[in-house]
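Contents: one structure, followed by commentary.
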Amino acid sequence: MQILIKFLLLALTAFLVFINPAYIGRVLYYGLFPVLFVLVWVFYRIAYYVSEKEVRKASDEEFSYSLFCAMVPPLGEGDLIRGRLIVTSTQLIFFRKDGSNPVKEVVRIPIAELTGFSLGRVLSVRNGITFQQKEQEIKFVLSRAHKKKEALSAALGWKRPHEVVNVGEDASSAPSFKDL
């Protein structure tokens, strides 16, 4: 199926690049662009997207939380690995699409070995989550990661009380960094 979609994408792109719109009609020519975008979306879904349903079929693990994200390979070895990160009661497990099987387990991290996680830049232009272990960090690119902090903390079982910080009069009247 992927090969057919790749061929259709290539043929349609070549057609749109090399055919004059006046030759086939502007309505037909510009009507093919939405078809091109739909083909790109279908290719992405088939090649990269891992659903919760596919993970449940491939694994017996019961999970309480999952995220579609992309794992940053260690030491910048190649492209991002897109897949689904699931949180079980004791493990973090990352699955990706595999050619012969629907999904394949890539990484398994015991939650007990995690020292924490942080949100922010994981690549030069991409935000995400970094899970820290004693000797290594595992990074995942995730859109709107900051909005998932509370849910991820709860799924990991890390409930921390919110601390209230009182600001005294001296600190509250000090100039702001924006004013300097």
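Which one of A22, L12, G99 is farthest out on the positive end of the charge dipole of the chain, using unit charges on Cβ (Lys, Arg +1; Asp, Glu -1) and the Cα centre as origin?
Final value for the positive-end residue is A22.
Run the simple label-point estimate for N20 and A58 please: 7 Å along Cα→C-beta, distance reported in nm.
Between N20 and A58, the simple spin-label model gives 5.0 nm.
What is the spin-label model distance, in nm, from A47 to L4 if the labels are put 7 Å beyond Cα along the C-beta direction?
1.7
What is the helix-to-structure angle for 2-18, meaning the angle in degrees between its Cα long axis and the longest Cα principal axis of the chain, kept from 0 to 90 and rounded to the nearest 10?
With both axes taken from Cα atoms, the answer is about 70 degrees.
Can you give me the % of accessible surface on segment 1-143 that is carbon or sulfur? Probe 1.4 Å, all protein chains present, nothing else counted.
Carbon and sulfur: 58 percent of the exposed surface of segment 1-143.
Would you work out the charge dipole size for the chain about its Cα centre, treating the Cβ of every Lys and Arg as +1 and the Cβ of every Asp and Glu as -1, and quote it to the nearest 20 debye?
Rounded to the nearest 20 debye, it is 700 debye.
At 0.36 nm per residue, minus the direct Cα-Cα distance, what do R121 and Y30 gain on full extension? Give it in nm, one decimal, please.
So the chain would gain 28.9 nm between R121 and Y30.
What is the pair-distance distribution P(r) of the chain, computed from all Cα-Cα distances in 5 Å bins starting at 0, with each bin given as a whole percent?
1, 7, 12, 14, 13, 11, 10, 8, 7, 6, 5, 3, 2, 1, 0, 0
If I fit a long axis through the Cα atoms of helix 26-47 and take the longest principal axis of the Cα atoms of the chain, what angle between them do I get, 0 to 90°, rounded to 10?
Here the helix axis deviates by roughly 50 degrees.
Could you tally the net charge around K104, taking each other residue with its Cβ under 13 Å from the Cβ of K104, Lys/Arg +1 and Asp/Glu -1?
Within the 13 Å Cβ shell, the charges total +3.
Contact order normalised by length for segment 23-85, with contacts defined as Cα pairs under 8 Å and 6 or more residues apart; what percent is it?
Value for segment 23-85: 27 percent.
So which residue, out of L28, L85, L152, gets the largest mean-square fluctuation from a GNM of the chain using Cα contacts under 10 Å as springs?
Looking only at L28, L85, L152, the biggest GNM fluctuation is shown by L28.
Using a 1.4 angstrom probe, figure out how much accessible area the chain has per residue, in square angstrom, rounded to the nearest whole.
Result: 70 Å² per residue.
The values are calculated or read from the model by the stated rules, or taken from the named source; none is laboratory data. Predicted model, so just to flag it, every value in this text is computed and none were measured. With ideal geometry, Cβ positions are generated from the backbone for all residues, glycine too; neighbour counts draw on all protein chains shown. Heads up: the accessible areas ignore ligands, DNA and RNA and are worked out on the full protein's heavy atoms, side chains in. Shrake-Rupley method; radii C 1.70, N 1.55, O 1.52, S 1.80 Å.
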